[in-house]
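Encoded as structure tokens, the structure appears first; notes follow it.
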Amino acid sequence: DAMVIQNPRYQVTQFGKPVTLSCSQTLNHNVMYWYQQKSSQAPKLLFHYYDKDFNNEADTPDNFQSRRPNTSFCFLDIRSPGLGDAAMYLCATSTGTGGLTEAFFGQGTRLTVV
Amino acid sequence: AQRVTQPEKLLSVFKGAPVELKCNYSYSGSPELFWYVQYSRQRLQLLLRHISRESIKGFTADLNKGETSFHLKKPFAQEEDSAMYYCALQSGGSYIPTFGRGTSLIVHP
């Protein structure tokens, strides 16, 4: 089945130790998004790619970076994780063809910072 | 700036009872509204979108521009409806959803 796959499902990292979360898709969608979701809060968009064009949200900390080497893969790099970065990280894709387009989500990666 | 508000963190009902999950939005233009659902241990997925005006799994939602609301309703809740429900808005022509914080629906037998 075509889908969005996030690895790993659970990630434990040490305070200050760089960590990378990965996302892949078989939908051939133009857009890939990264959302951060903390407990009982709305998913918050960190950034997204439209094809190779990177779009950062204004309030996304510099500590968060992203790479999209090809259509299928997108990575979230956290350069120096702090305790406040512990959250669920959601990857999503869409065709990006306008306001009616739906987002397709992966199952998320739960990040714990110790 | 656009914003989505889901005032209820938790909604608990008994099987067969009517359900209404509230969603209010703020956006000055013409919004596209969606409801997403996340069942236990599953990914977030689209339930319905306002433009389709369809009933999915017995759920409907009507966009009320006057009240800036897009409440999700079902006349008779089932146990399998237990899940997290997220309301989302996409501003006119945008492919970027803004989500509410979600409402956890629990349907008791």
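Taken about its Cα centre, region A:57-111 carries a charge dipole of roughly 220 debye when the Cβ of each Lys and Arg holds +1 and the Cβ of each Asp and Glu holds -1. For residue B:34, the shell of other residues with beta-carbons less than 14 Å away shows a net charge of -2, using +1 for Lys and Arg and -1 for Asp and Glu.
Counting other C-beta atoms within 10 Å, which of A:48, B:71, B:108, A:29 has the fewest, and how do the rest follow?
B:108, B:71, A:29, A:48
A simple rule links phi to the HN-Hα coupling: the Karplus curve 6.51 cos²θ - 1.76 cosθ + 1.60 with θ = phi - 60°, which for region A:32-42 gives 10, 10, 10, 10, 10, 10, 9, 3, 6, 10, 6 Hz, with x for Gly and Pro. Placing unit charges on the Cβ atoms only, positive for Lys and Arg and negative for Asp and Glu, gives chain A a dipole magnitude near 340 debye about its Cα centre. The residue list B:11, B:78, B:88 was ranked by how far each Cα lies along the charge dipole of chain B toward its positive end, using unit charges on Cβ atoms, and B:88 comes out on top. The HN-Hα couplings worked out from phi for region A:92-106 by the Karplus form 6.51 cos²θ - 1.76 cosθ + 1.60 (θ = phi - 60°) are 9, 9, 7, 6, x, 9, x, x, 8, 6, 8, 9, 10, 9, x Hz, whole numbers, x standing for Gly and Pro. Residues whose amide H falls under 5 Å from that of residue B:102, counting only those 5 or more places apart or on a different chain, are B:6, B:87, with hydrogens built in the peptide plane.
At R0 = 30 Å, how high is the FRET efficiency between residue A:22 and residue A:58 if r is their beta carbon distance? Nearest 0.05 is fine. It comes out at approximately 0.75. Taking a ≥ b ≥ c as the square roots of the eigenvalues of the Cα gyration tensor, chain A is prolate, since a/c reaches 1.5 or more and a/b is larger than b/c. 3J(HN,Hα) along region A:8-17: x, 6, 10, 9, 10, 9, 8, 3, x, 8 Hz, from the Karplus curve 6.51 cos²θ - 1.76 cosθ + 1.60 with θ = phi - 60°, whole Hz, x for Gly and Pro. Per residue, the average separation of C-alpha pairs within less than 8 Å and at least 6 apart gives chain B a relative contact order of 39 percent.
Each value in this text was obtained by applying a stated rule to the coordinates, not by laboratory testing. Here the structure is a predicted model, which means the values were calculated and not measured. Note that each Cβ is placed from the backbone with ideal geometry, even for glycine, and that neighbours are counted across all protein chains shown.
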